[in-house]
Amino acid sequence: MSMSRPPGRWHRLIDKLSGPPPNEAVLATRKGKPFWRRYSAFSLGMLLSLTLVIAPEFVNQWNRVPDPLTLQTLQVRILYTQQTEPHLFVELLNGQRRQMEWPINVSVGGRFRSHEWTDAQRQSLPGCMATVQGTPLKLTLTERFRIWALECPEQNISINFQTTSKSHSKRLTASLVIVLSLLIPYYLLYAFVFLREKRGHL
């Protein structure tokens, strides 16, 4: 006479986290519905993490420090500057007006200050004929141009690529560590939520 093997430690843990036996009445009302309707709390949690954390961080890491040989060099007249992005409003030699920003983290809502310049430098730049070097950002919802170097001889302002690239590399590394430290416990929590929903207890 064969005896069934008792559940292993892992299965016992899953069963304990899943809560009481399945609520058949609740599960019956969800039968035949799409995944996101059957597991609404879990799906909402995944959607929020994707839109608020994962997608912005993916864009940040994709737009890492570029090869300096790929930078576009533009002659511009600086019209206006501000503390948060877009940090500069400029006019090109052909009369086209554009917004530009220093290297910062891309996020939902944004509005980050840049520490690549001082307040005194920022306030003295409007009206200056300057040379900027930068690249368009990739995978952003709107057109964005990131500058990595700026030269304004008449105000004796020079911000070079070596300075901006070094500081932004450190920010990217710190950002990735923070995101991972947040996502690991977050996904553990939503694994628990999924197990509870699977038995009809949420």
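The values are calculated or read from the model by the stated rules, or taken from the named source; none is laboratory data. For clarity, every value in this text was computed on a predicted model and none was experimentally measured. Please note: Cβ atoms are built from the backbone with ideal geometry, for glycine as well, and neighbour counts cover all protein chains shown. Protein only, heavy atoms only, side chains kept; ligands, DNA and RNA dropped before computing areas. Shrake-Rupley method; radii C 1.70, N 1.55, O 1.52, S 1.80 Å.
Once you order the gyration tensor axes a ≥ b ≥ c over the Cα atoms, which shape class does the chain get: rounded for a/c under 1.5, otherwise prolate or oblate by comparing a/b with b/c?
In terms of gyration-tensor shape, prolate.
Around Phe42, under 12 Å between beta carbons, what's the net of Lys plus Arg minus Asp minus Glu among the other residues? All intermediate terms of the calculation are to be shown ahead of the outcome.
Details: positive: Arg37, Arg38, Arg196, Lys198; negative: Glu197.
Residues near Phe42 contribute +3 overall.
Please give the net charge around Arg30, taking every other residue with its beta carbon less than 12 angstrom from that of Arg30, where Lys and Arg add +1 and Asp and Glu add -1.
That works out to +4.
For region 20-129, rounded, prolate or oblate, judged on the Cα gyration tensor with a ≥ b ≥ c (square roots of eigenvalues), a/c < 1.5 rounded, else prolate if a/b > b/c? Kindly include the intermediate steps, with their values, before the conclusion.
Values: a/c = 3.71, a/b = 3.37, b/c = 1.10.
It comes out prolate by the Cα gyration axes.
Mind checking which of Tyr186, Cys152, Thr81 is farthest towards the positive end of the chain's charge dipole, using Cβ charges of +1 (Lys, Arg) and -1 (Asp, Glu) about the Cα centre?
Positive-most Cα among the choices belongs to Tyr186.
What ranking of Val179, Val65 comes out by heavy-atom accessible area, probe 1.4 Å, highest first?
So, going from the largest accessible area down, we get Val65, Val179.
Which value, in Å² and to the nearest 10, is the accessible area of Arg144 when all protein chains are kept and the probe is 1.4 Å?
Surface accessible to solvent at Arg144 totals approximately 50 Å².
Run the reach check for Lys16 against lysines, Cα to Cα strictly under 22 Å, same-chain hits fewer than 8 apart removed. What comes back?
Lys198
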